[in-house]
Each structure stands twice: as C-alpha cells, then as structure tokens.
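Reading through the structure tokens given below for one structure.
The values are calculated or read from the model by the stated rules, or taken from the named source; none is laboratory data. It should be emphasised that the depicted structure is a prediction, and the values quoted were computed from it without experimental measurement. Heads up, the Cβs are rebuilt from the backbone with ideal geometry, glycines too, and the neighbour counts pull from every protein chain shown. We work out accessible area using only protein heavy atoms, side chains counted, and drop any ligands, DNA or RNA first. Shrake-Rupley method; radii C 1.70, N 1.55, O 1.52, S 1.80 Å.
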Amino acid sequence: ASAGGNKVGMHEHPFYELYFLVAGRRRYLMKHTVFDVEPGNLLIIPKMHLHRATSAAQTGYDRYVLYFSDRQAHKLANLIGTETLDEMITAGCIKLPGFVSKQIQKDMEEIRNELESPTPVTDAVVTHLFHGIMLNALRYGSKKEHLIGESADKVQMIAKYITEHYNEDITLTMAANMAYLEKTYFSKRFKMITGFGFQEY
C-alpha cells in the first residue's frame, strides 16, 4: 500500500499490474483511454501497456499495487480459460460492489503481510489470495466506462492518434483542428484530461 505523492510518469513494464484504490480519487491514463478511479475500483493493467496515474483532486490517496507475472497469469488461465483471462486483462477499470471491495482490500492486506514475513508456504498463500481477488472481480465486477463527454472523447481520440502515429510530426494546431476545437481550449482540456501537456504527451 502506498499514499499520495507518487511522481511516476507514463511508463510500462514487462509484468501485469493490479491497482486497487482504497481512498481518494485518481485519474488513470491507460495507453490513450482515461478513467476516473474511485475507492473500491480495480484496474488491471496489461504488461507493456503505457499508463500513468494522476490526482483527480488535490487530496491524498491510498492504494494497493500488486504485480504478477506470466507464470501467475498462466496458473489463473488454467482455472478460468485463456479467453476469459484476456477479457479481464483488457477490461481496464472494474467497478465492484461494496462487499467485494472490502474483501479485495482484506486480501491485498493479507498479501502484503505474507510478503513482509515470508514462510515456506508464502508463494502458495499469495497465489491463493491473488486467485480470489481475480475470481471476485470476474464474478461481481463490471467494466467501468472511460471518461466521457464531448471534449473528453475528442482528447482521447487525439491521444489514440498520437499513440498510433508517434513517429510523425503532430503539432498542437493539427491536433486541435482534428478535434474541431480551438487551440488554447484544446490544450487546456488535453492537460486536464490526460495529466500531460500536449508536447509532453
């Protein structure tokens, strides 16, 4: 678990990530899709998938982050099937009922405690708890819609375009014209929605 103040920029890693928000609000950019994450939401981030969290407000936040490897994903796929696991991993942000969020928070705490004081059965216990988290998310979760609204949709459309054409020279004026928005307004909305200035992105 960790509290606010995280300054990690846009990044990717060769393992999967579970991000469970306990308190506060976060805006999460996954590739070119933006989610407003609320307490009790679970994000599943695929490996080698660009992502970044920013604060949706000036308050702190608490969250659990759990990384898992291809080996753990394969074990889970043996239980639920590869196709179901792939659908989960690409779901983005998952909303959960309150009782499930409480159970997942409890499981995350148990994983942390187990890893802080390992025993010969730590790997088995952590695997069991991880499977419980994923099965609860699969059984009770529902996919949360990405940030919506006319300018949010346009910004995400441009972010996707940049992701797919990053080697081209894309100017702010070009991007604003593609979104049919005035340049200054587009620039401000882009920063507010993605957490990045246009040139930084």
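Structure values in brief
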read-out	value
Extension gain, residue 125 back to residue 166 (0.36 nm per residue minus Cα-Cα distance, nm)	10.5 nm
Segment 135-198, dipole about Cα centre (Lys/Arg Cβ +1, Asp/Glu Cβ -1), debye to the nearest 20	360
Under 20 Å from residue 154, Cα to Cα: aspartates and glutamates that are on another chain or at least 8 residues apart	36, 145, 164, 168, 169, 182, 200
Whole-number percent relative contact order across the chain, with pairs defined as alpha carbons under 8 Å at least 6 apart	21
At q = 0.11, 0.14, 0.19 Å⁻¹, base-10 log of I(q)/I(0) for segment 76-201 (Debye sum, equal scatterers on each alpha carbon)	-0.62, -0.79, -0.96
The chain - percent of accessible surface contributed by carbon and sulfur, probe 1.4 Å	53
Average silhouette area of segment 61-122, convex hull of alpha-carbon atoms, in square nanometres	5.7
Listed residues 125, 100 arranged by accessible area, highest first, probe 1.4 Å	125, 100
Mean Cβ neighbour count within 10 Å, used as a protection proxy, ranking 69-80, 126-137 highest first	126-137, 69-80
Exposed GluC sites (Glu not before Pro) absent - longest run of the chain, DSSP non-H/G/I/E/B, at most 15 other C-beta within 10 Å	13-144
Unit charges on C-beta of K, R, D, E only; dipole of the chain, Debye	500
Highest-fluctuation residue, 15, 35, 99 considered, GNM on the chain with Cα pairs under 10 Å	99
Most mobile listed residue (98, 24, 40) in the chain, GNM with C-alpha springs under 10 Å	98
Gain in span if fully extended, residue 86 to residue 135, counting 0.36 nm per residue against the direct Cα distance	16.3 nm
